[in-house]
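Participant: Structure incoming, see below.
Values quoted throughout were computed directly from the atomic coordinates according to the rules given, and no laboratory measurement underlies them. This structure is a prediction, so every number in the text was calculated from the model and none was measured. Cβ: placed from backbone, ideal geometry, glycine included. Neighbour counts: every protein chain shown.
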Amino acid sequence: MGDMSPLGKLILTVMLWGVRFAAAAIAAIAAIFIWQKWLSAADEITRQDYTFLAILVALLIAALWFARSLARELRR
């Protein structure tokens, strides 16, 4: 692929930082959820909780994978 236009680089850079922020937000939500469940002795972890955490982990992996792809494209 040839040289990328300055606007293309700007858009990819903004997307990269947005995906990084989204990944950090997803990790924070998962950490707060686990912390909330761990400190609350009355609530036991249910099947829905595990499903929610699995979805968060899948979203986090997808966001990190997309960020890696964007960073690799910007390095070219």
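Participant: Calculate, for Met15 and Arg76, the FRET efficiency according to 1/(1 + (r/R0)^6) with r their C-beta to C-beta distance and R0 22 Å; round to the nearest 0.05.
Facilitator: 0.90
Participant: Among residues other than Ile61 whose Cβ falls under 15 Å from its Cβ, what is the net charge (Lys/Arg +1, Asp/Glu -1)? Please report the intermediate quantities before stating the final value.
Facilitator: Numbers: positive: Arg20, Arg68; negative: none.
Within the 15 Å Cβ shell, the charges total +2.
Participant: Among Ile11, Ile45, Phe21, which residue has its Cα furthest toward the positive end of the charge dipole of the chain, with +1 on Lys/Arg Cβ and -1 on Asp/Glu Cβ?
Facilitator: Ile11
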